Amino acid sequence: MGYAQLVIGPAGSGKSTYCSKLHEHCTTVGRNIHIINLDPAAENFDYPVALDIRELVSLDDVMEELGLGPNGGLLYCMEHLEDNLDDWLTEELDNYLDDDYLVFDCPGQIELFSHVPVLKNFVDHLKRKNFSICAVYLLDSQFMTDVTKFISGCMSSLSAMVQLEVPHVNILSKMDLVAKKKDVEDFLNPEPQVLLSELNQRMAPQFAKLNKSLVELVDNYGMVSFVPLNLRKATSYVLAQIDTCIQYGEDADVKIKDFDPEDED
């Protein structure tokens, strides 16, 4: 069985930086991972790229040849990847061993993991290749400054969870850049009634029923919770949560160290 992280989230949420720090951490502890770029618009990388979608299709070429804009061109590139799952991707994945750990750095267009089926079909293809997959959803912690933005972040995360149907870990990135961490920490384990009260205070009375429904939705899907990530500190606790989701290492042999028997007096 292979293992994979699908790193998703809005543009600018720190996905590539997360991949870079993850590779740095794994290199330090002697753990082997392979990071794969799925963004056809990416140019610079702070990590070694094991596989690059630009070998298959490039956003610049698509925009020039088809006259598409950035968003339309990116969707075209991802649909082209979808059309080549059984050819290009399967051939490339055959280069990795059964127990290899892959990290897919995805583009930031939110429609790719909310309602367009491209990444869903990509995930299903990996499942057929016997990969255990965890979606890692990054959201900029500086975005979570009030209750309305928190609810918006929960809805986008929940949309990705429902769409992809794989184990899911939500990460609040860039915690090292947050000036008032208390404002963000209040949303890590929020009380539903407190959320509802704050929503009603911020929004017009005609939205009261909508606010109640949104809070109930977030509360009912208790899986929508966020893990704070400060890249200046250790990333091991985040990686441990993801490994647990995909059961990484559970089938590894237990290492037993031989000890010399103590001399009897």
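The values are calculated or read from the model by the stated rules, or taken from the named source; none is laboratory data. Because the structure is a prediction, the values reported are computed rather than measured. Positions of Cβ are backbone-derived with ideal geometry, glycine not excepted, and every protein chain shown enters the neighbour counts. Heads up: the accessible areas ignore ligands, DNA and RNA and are worked out on the full protein's heavy atoms, side chains in. Shrake-Rupley method; radii C 1.70, N 1.55, O 1.52, S 1.80 Å.
From the Cα gyration tensor of region 14-170, with a ≥ b ≥ c the square roots of its eigenvalues, which class applies: rounded if a/c is under 1.5, or else prolate if a/b is larger than b/c, or else oblate?
Numbers: a/c = 1.39, a/b = 1.08, b/c = 1.29.
Note, shape of region 14-170 comes out rounded.
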Could you state the accessible area per residue of region 107-155 in Å², with a 1.4 Å probe and every protein chain left in place?
33
Quick note, the chain: a/c under 1.5 would make it rounded; otherwise a/b > b/c is prolate and the rest oblate (a ≥ b ≥ c, C-alpha gyration tensor); here it is oblate
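Going by the alpha-carbon gyration tensor, a ≥ b ≥ c the square roots of its eigenvalues, is region 19-102 rounded (a/c under 1.5) or, if a/c is not under 1.5, prolate (a/b greater than b/c) versus oblate?
oblate
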Computed [θ] at 222 nm, helices only, for the chain once each DSSP H run of length n ≥ 4 contributes -39500 (n - 2.57)
-12500 deg cm²/dmol
Sorting Leu177, Leu188, Leu6 by accessible area (1.4 Å probe), largest first, what list results?
Leu177, Leu188, Leu6
Apportionment of accessible area to carbon and sulfur, the chain, percent (1.4 Å):
48
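Express the accessible area of region 1-45 per residue in Å², computed with a 1.4 Å probe while the remaining protein chains stay in the model.
39
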Rounded to the nearest 20 Debye, what is the dipole magnitude of region 88-154 about its Cα centre when Lys and Arg each give +1 and Asp and Glu each give -1 at the C-beta?
360
